Amino acid sequence: MNIVLFGPPGVGKGTQGARLARETGIAHLAMGDILRAAVREGTEAGRKAREYMDAGQLAPDDVVVEMIEDRILRDGANGFLLDGFPRNVAQAEALDAMLARHGLKLDRVVFMDAPEAELIERLAGRLVCRACGLSFHRHYSPPREEGVCDACGGELYQREDDREEVIAQRLAVYREQTAPLLEFYRNKPGFVRLDAAGEMDEVYAALREAVR
Ligand code: AMP
């Protein structure tokens, strides 16, 4: 099964997408994680993307499209879940063309949404494991030991772009560039809209049902 998960920053794409991918055995291809790994490794793509990411802007389309195509071809043979790609209409069109070229198609496009106040609260309190990428929240899902990942013992940190000023910028970019994807996908086969405002397990159950 090939799935796109899209929605505003902080809506839970990463957490829910990772869980679904783990449970179904498909590849979880999270564009933000792929970019952060490229920045860490100092690749050319990472160097090109970094300043945009720190400012809460989108990295250039040609950079992300090429990276995601590589990963789909390398890891996506048994199905994939795209989390954070596409993020604008030009990327969605590039994705359609790329999938057609490789004889692939999307089975589901899931739009997750939640009120903006909740998104801000989730992002501002988010802690991420440097080693395995698992997310926690200072108040809603704190780690057992402060600053330490429950799963792997790695160090928890606040993402540079989860600072309040950058969060506002990311939400503005979402409204201007990513929200128009709703128009692009809403009448296509496989489109599902999901209310992601509730409890994590409830949202997961709805997601599971949506992709059955
Ligand atoms: P995320 O981890 O999904 O919140 O993404 C973090 C940052 O990576 C975003 O704010 C963008 O700067 C960049 N990014 C992630 N996905 C994309 C994409 N599809 N297109 C352009 N930039 C992206």
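Just one of the listed residues (Gly17, Gly12, Gly42, Gly25) is out of contact with any helix residue (DSSP H, G or I) (no Cβ under 7 Å at 6 or more places or on another chain), buried (at least 21 other Cβ atoms within 10 Å of the Cβ) and not basic (Lys, Arg), and it is Gly17. Go through the residues of segment 121-132 one by one and say whether even a single one is within 13 Å of the ligand (Cβ to nearest atom) and among the small types (Gly, Ala, Ser). Scanning segment 121-132 turns up no residue that is within 13 Å of the ligand (Cβ to nearest atom) and among the small types (Gly, Ala, Ser).
Does Gln177 qualify as being farther than 21 Å from Gln16 by Cβ and in contact with a Gly (Cβ under 8 Å, 6 or more places away or on another chain)? Judged against the criteria, Gln177 is not a match. Cβ separations smaller than 6 Å between residues 6+ apart or across chains give the following pairs from segment 70-96 residues that are closer than 19 Å to Ala18 by Cβ to residues that are among the hydroxyl-bearing types (Ser, Thr, Tyr) and within 10 Å of the ligand (Cβ to nearest atom): Arg87/Thr178.
Residues that are closer than 25 Å to Arg212 by Cβ, more than 10 Å from the ligand (Cβ to nearest atom) and out of contact with any Pro (no Cβ under 7 Å at 6 or more places or on another chain) number at least 2 in the following helices (runs of 4 or more DSSP H) confined to segment 1-111: 13-24, 61-75, 89-101. Within segment 123-163, being at pLDDT 95 or above, small (Gly, Ala, Ser) and surrounded by 14 or more Cβ atoms within 10 Å (Cβ to Cβ) holds for Ala124, Gly125, Gly154. Within segment 42-67, residues that are in contact (Cβ under 8 Å) with a residue 60 or more places away in the chain and over 22 Å from His102 (Cβ atoms) sit with their Cβ atoms under 8 Å from residues that are within 10 Å of the ligand (Cβ to nearest atom) and not in a helix (DSSP H, G or I), at 6+ positions apart or across chains, in these pairs: Met53/Ala59; Leu58/Arg87; Leu58/Asn88.
The values are calculated or read from the model by the stated rules, or taken from the named source; none is laboratory data. Note that this is a predicted model, so its numbers are computed, not measured. Glycine gets a Cβ as well: all are built from the backbone with ideal geometry, and neighbour counts include every protein chain shown.
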